[in-house]
Amino acid sequence: EQVRVQEYLDFAISLAKEAGAIIKAAVDSRMAGTGSNIELKKENPTDLVTETDKAVEEFIKERLSRTYPEHKFIGEETFASGAKTEFTHEPTWIVDPIDGTTNFIHGYPFVAVSIGLTINKVPTVGVVFNPLLNELYSAAQGKGAYLNQTQRLPLFNPPQPLVDLSHCLIATEAGSDRSKLVIDAKIAAIHDMLQKKSEANPFAAEAHSVRTTGSAALNLCNVAKGIIDVYWEVGCWEWDVAAAIVIVAESGGLVLAGGNDKSDNEPVNIFCRKYLAIRAARDRESQVEIANQMKDLIPTIE
Ligand code: IPD
């Protein structure tokens, strides 16, 4: 399978472009007043699904099963409609038809289709395409990460040094779990990211600032670009991150489990639903140092 990686990457890129065109047409026609209204499909008001999410996933799934009938498929909407997730050593496409569905509904242009491929359970190919900003991120294991197939990531060459969390721009997200437990813990972490250090709070970082794009995949791509230093999120799913994890890794960044275990600096398990990504730097020590500073302020959310 490894020898076919370039073929899989090329296929994923063309599929992402076609899927992106469907997403862009839906936004354009709604903005022009010619599209049908958004029809929300789920009960949970903070975890939105539209007709377009479903149509795009059906399109991708059908193309994949026609081209690679022996490959496995995990998709956000397929899961939502009750399919059991089976993760094997077989080549497995992991797809989010629209990452940033809330943005899609509001017309906020951080919306992406995310297509990842694991082989032997290892994230091997990743393509994330934002059709509203026309930015396509792609990577395959050992082949580097690119923006629009030509610009090597990270954009900074050589990467900027990573000095201290106080110099970092940090991305995080509200996420869809709005329980008091989760929101209190996330707000406490954001408070510590922003607050000045004090005797009372020695782990406060006074970071440069905090950003949210509303798309886990695009937050990771911003880490791969080198324009976000650190991204931490709890609660997103394998389809939000499977593709972009390859893109971050190929840019020289790290993606770790987003808990507070400092001994766990192994490549992340894509199913762990907590992620901590650190952008490329000139040495791994400074990346691990920033990860450890973040882990001092990450709350325990089980
Ligand atoms: C969501 C986005 C969001 C993240 C949520 C995800 P969706 O994905 O990535 O940034 O905070 O956890 O579920 O629902 O738009 O595909």
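The values are calculated or read from the model by the stated rules, or taken from the named source; none is laboratory data. If you're wondering where the values come from, they're calculated on a predicted model, not measured in any experiment. As a convention, Cβ positions derive from the backbone with ideal geometry for all residues, glycine included, and neighbour counts pool all protein chains shown. Ligands, DNA and RNA are stripped out before the accessible areas are found, and what is left, the full protein with its side chains, is counted by its heavy atoms. Shrake-Rupley method; radii C 1.70, N 1.55, O 1.52, S 1.80 Å.
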Share of pairwise Cα separations in the chain, more than 25 Å, in percent: 46 percent
Rg/Rh ratio calculated on Cα atoms of the stretch 2-152 (Kirkwood radius): 0.97
Kirkwood Rh, angstrom, the stretch 165-297 [1 / mean 1/r, Cα pairs]: 14.6 Å
Among beta bridges that DSSP assigns inside the chain, antiparallel share in %, nearest 5: 80 percent
Inter-centroid distance (Cα atoms) of the stretch 281-302 relative to the stretch 12-29, Å: 36 Å
Euclidean distance between Cα centres, the stretch 163-227 to the stretch 105-140, Å: 22 Å
Expected 222 nm ellipticity per residue - DSSP helices of 4 or more, -39500 (n - 2.57), all of the chain, to 500: -11500 deg cm²/dmol
The stretch 56-214 - percent of accessible surface contributed by carbon and sulfur, probe 1.4 Å: 53 percent
Point-to-point label distance, R152-A83, nm (Cα→Cβ direction, 7 Å offset): 3.7 nm
Per residue accessible area in Å² of the stretch 2-152, where ligands, DNA and RNA are left out and the probe is 1.4 Å: 47 Å²
3J(HN,Hα) from dihedral phi, the stretch 134-145, Karplus parametrisation 6.51/-1.76/1.60, rounded to Hz, x for glycine, proline: 6, 10, 10, 10, 8, 7, 9, 3, x, 10, x, 10
DSSP bridge pairs, the stretch 165-297: antiparallel proportion in percent, nearest 5: 65 percent
Those residues of the stretch 3-27 whose amide nitrogen sits under 17 Å from the label point placed on E51, 7 Å along Cα→Cβ: 22-27
Whole-number percent relative contact order across the chain, with pairs defined as alpha carbons under 8 Å at least 6 apart: 16 percent
For the stretch 188-262, fraction of C-alpha pairs farther apart than 18 Å, in %: 46 percent
R4-A200 pseudo-label distance in nm [points 7 Å out on the Cα-to-Cβ vector]: 6.1 nm
Relative counts (whole %) of C-alpha pair distances in the stretch 107-225, using bins that are 5 Å wide: 2, 10, 15, 17, 17, 16, 13, 7, 3, 1
